[in-house]
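To keep things clear, I will list the structure first and then write my remarks on it.
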Amino acid sequence: MRAFVSADLDDLTDAVAATQEPLDHAGVDPVAPEGAHVTVKFLGEVDDPDPVVAALERAVADAGVEPFTAEVGGYGVFPSPEYISVIWAGVRGGSDELTRLHEAVERETTALGFDPEEHEFTPHVTLARMRDARSKSVIREVVTERDPTLGEQRVEELRLTESTLTDDGPRYETVARVPL
């Protein structure tokens, strides 16, 4: 199964949808708001989830992060404003906790043989992906001139999430929950 570790933001579905409205332009594909999450670690193919769940349990214990509130807001892009591939909302409050969790999950999962991250961790919620550059100037303007607040979400667990790619976009299913 194709999987990732996430902090899910189920309470922010409506806010994600509202924040996506200004991004509704040619060449921009919004993600499904009901799947809103912060990816703590993308794993790729997972043959047996049991060792991964055990690694997540160790990571949560090592990180020492208690349940916390994440505040989500603002726009950002990857990899850069000159070449936009992903449009996202950032994590304003709770980013330190998510970073500590990411670092602990990274240590435990690379010890299992998963590839280490190639870029610095930026806690974010993906809002949309750019298929092409037709609307780049409009999107760049939205991202630089607007500063939406999506709201707050209590984060009490990490999830091992299976991602199945379909013609209608990815479908997510929780495989395991690891409480903080």
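Readers should treat all values here as calculations from the given coordinates under stated rules, not as data from a laboratory. Keep in mind that what you see is a predicted model, and the values were worked out from it rather than measured.
Let me check against my output: what whole-number percent is the relative contact order of segment 2-179, with C-alpha pairs under 8 Å and at least 6 apart?
Details: 343 pairs, mean separation 61.3, N = 178.
With pairs under 8 Å counted, the relative contact order is 34 percent.
At what distance in angstrom do the alpha carbon centres of segment 72-90 and segment 100-148 lie from each other?
First find each Cα centre; the distance between them is then 8 Å.
Find how much the distance from T144 to T69 grows on full extension, using 0.36 nm per residue of separation minus their present alpha carbon separation; answer in nm with one decimal. Mind showing how you got there, number by number?
Numbers: separation 75, 0.36 × 75 = 27.00 nm, distance 2.57 nm.
Gain on stretching T144 to T69: 24.4 nm.
Return the Rg/Rh ratio of segment 30-180 with Cα-based radii and a Kirkwood Rh. Let's see the in-between values first.
On the way: Rg = 16.1 Å, Rh = 16.6 Å.
Value, to two decimals: 0.97.
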